[in-house]
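Asker: This is the structure I have questions about; it appears just below.
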């Protein structure tokens with residue numbers, strides 16, 4: 001979802017207008033002259049907004065929250081589903097934008113007296129602008145390459161037969177088609193000015209591949225760190241952590257505790273809770289509950305609040321050890337400092353564990369204001385404290401925001 005304040009709201013959808021969008025409209029006028037460029041820029045702006053509204057309305061029909069952003073060369077309708085979407089719904093959302101643009105552009109073109117199949121030399125600049133800004137750009141968006149809507153539709157269809165490889169297949173399709181288009185444009189002098197537009201999919205796919213690789217490296221690193229933390233708890237082997245990472249403060253505290261040094265164990269935990277530096281450790285997810293319970297017993301009532309990550313980990317530890325009331329108080333105090341949606345969710349979990357439905361719903365709604373909806377839904381689904389509220393419609397409404 002877009003993070004800046006919206007320029008305006010239309011039909012309940014926040015609309016963000018980036019400086020690049022205005023720059024692109026100026027560029028359209030500059031390249032095409034005032035007589036044709038001005039109506040073309042105005043209609044491109046209008047139909048781009050209609051295009052994104054098509055996506056947004058289709059997303060809303062599935063229960064998702066949607067926002068619109070208008071940027072250089074493109075518009076975007078980002079949405080946060082409140083449930084997993086079917087393939088048909090995903091295709092419908094992708095098609096709704098270009099179909100709305102084609103329909104609206106064609107209607108305006110014919111209303112202006114345009115010919116039934118394409119503009120003629122004697123047509124006015126406004127008629128030509130309606131034709132290009134509406135049906136032509138709408139049809140262009142149906143080309144089956146990324147990041148166009150047609151590419152998203154094809155990817156969903158490929159997922160039917162190759163769900164794990166659909167993204168990579170689409171990368172190959174995009175590179176092949178865009179590369180062929182560029183080769184054709186190089187040969188044809190009349191098409192050479194369009195090479196920059198054919199290059200955009202290649203640049204976009206290159207960025208997407210880079211992002212996928214970074215995500216994969218992060219996931220691999222996190223998996224290795226989680227394994228090392230689990231091994232430290234299971235066998236006492238603290239030497240398997242990947243470069244730069246260390247055992248969690250809870251694992252180090254437990255090591256001190258096992259050596260008869262409870263004061264040193266407490267100092268390790270308090271130092272971590274007061275720390276504000278970036279973390280390089282994994283939570284004690286693999287720790288035995290009894291070990292965590294003994295470490296929690298070392299902590300004083302008043303705790304420092306250095307960083308939200310450590311506060312969140314402590315909240316999870318308290319919930320695991322059955323101290324829901326203390327977990328709720330701690331997470332609420334930490335939320336006052338950090339305003340983290342996951343800390344707000346911890347308060348909701350604690351309230352649910354204590355049977356306080358009203359407080360749980362209120363804090364769920366607080367968490368939903370700034371949380372990634374997919375992550376929030378997954379966290380709620382995985383939290384055992386919500387078992388008694390799993391089918392409560394008000395819980396679904398609170399998560400949906």
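The values are calculated or read from the model by the stated rules, or taken from the named source; none is laboratory data. As the structure is a computational prediction, the values presented were derived from the model and not from experiment. Positions of Cβ are generated from backbone atoms using ideal geometry, with glycine treated the same way; all protein chains shown enter the neighbour counts.
Asker: So which residues in segment 158-212 are in contact (Cβ under 8 Å) with a residue 60 or more places away in the chain and more than 17 Å from residue 147 (Cα to Cα)? Break it down stepwise before answering.
Answerer: Of all residues in segment 158-212, those in contact (Cβ under 8 Å) with a residue 60 or more places away in the chain come to 159-160, 200, 208.
Matches in segment 158-212: 160 only.
Asker: I'd like the full set of residues that are over 20 Å from residue 143 (Cα atoms) and in contact with a helix residue (DSSP H, G or I) (Cβ under 8 Å, 6 or more places away or on another chain), limited to segment 77-106. Can you show your working first?
Answerer: So the first thing to find is which residues in segment 77-106 are over 20 Å from residue 143 (Cα atoms), and the list is 78-86.
Answer for segment 77-106, where residues must be over 20 Å from residue 143 (Cα atoms) and in contact with a helix residue (DSSP H, G or I) (Cβ under 8 Å, 6 or more places away or on another chain): 79, 80, 81, 82, 83, 85.
Asker: Evaluate segment 146-157: report whether one residue or more is at negative phi, without any contact (Cβ under 8 Å) to a residue 40 or more places away in the chain, assigned by TED's automatic domain parsing to the domain that holds residue 86 and touching a helix residue (DSSP H, G or I) at 6+ places or on another chain (Cβ under 6 Å).
Answerer: So far as segment 146-157 goes, no, none of its residues is at negative phi, without any contact (Cβ under 8 Å) to a residue 40 or more places away in the chain, assigned by TED's automatic domain parsing to the domain that holds residue 86 and touching a helix residue (DSSP H, G or I) at 6+ places or on another chain (Cβ under 6 Å).
Asker: Of all residues in segment 181-221, count the ones that are more than 21 Å from residue 168 (Cβ to Cβ) and loosely packed, with under 13 Cβ neighbours inside 10 Å.
Answerer: So the count comes out to 9.
Asker: What about residue 317, is it touching a helix residue (DSSP H, G or I) at 6+ places or on another chain (Cβ under 8 Å), surrounded by 19 or more Cβ atoms within 10 Å (Cβ to Cβ) and under 18 Å from residue 379 (Cβ atoms)?
Answerer: Yes, satisfied.
Asker: To continue, here is another question. Take the conditions under 35 Å from the mean Cα position of the chain (by Cα) and in contact (Cβ under 8 Å) with a residue 40 or more places away in the chain and apply them to residue 254. Does it pass?
Answerer: no
Asker: Something else now. Could you count how many residues in segment 335-347 are part of a helix (DSSP H, G or I) and at positive phi?
Answerer: Result for segment 335-347: 0.
Asker: Take residue 47 and tell me if it is touching a helix residue (DSSP H, G or I) at 6+ places or on another chain (Cβ under 8 Å), touching a residue at least 12 places away in the same chain (Cβ under 8 Å), in a helix (DSSP H, G or I) and surrounded by fewer than 23 Cβ atoms within 10 Å (Cβ to Cβ).
Answerer: no
Asker: Which one is nearest to the chain's Cα centre (by Cα) among residues in segment 287-298 that are surrounded by fewer than 18 Cβ atoms within 10 Å (Cβ to Cβ) and closer than 26 Å to residue 356 by Cα?
Answerer: 289
Asker: Sticking with this structure for a sec: Cβ contacts < 6 Å: first residue surrounded by fewer than 17 Cβ atoms within 10 Å (Cβ to Cβ), restricted to segment 223-240; second residue not in a helix (DSSP H, G or I), any location; separation 6+ or different chain. Result?
Answerer: Qualifying pairs under 6 Å: 224/242; 226/282; 238/247.
Asker: From 206, 224, 181, which residue is under 30 Å from residue 42 (Cβ atoms) and part of a helix (DSSP H, G or I)?
Answerer: 181
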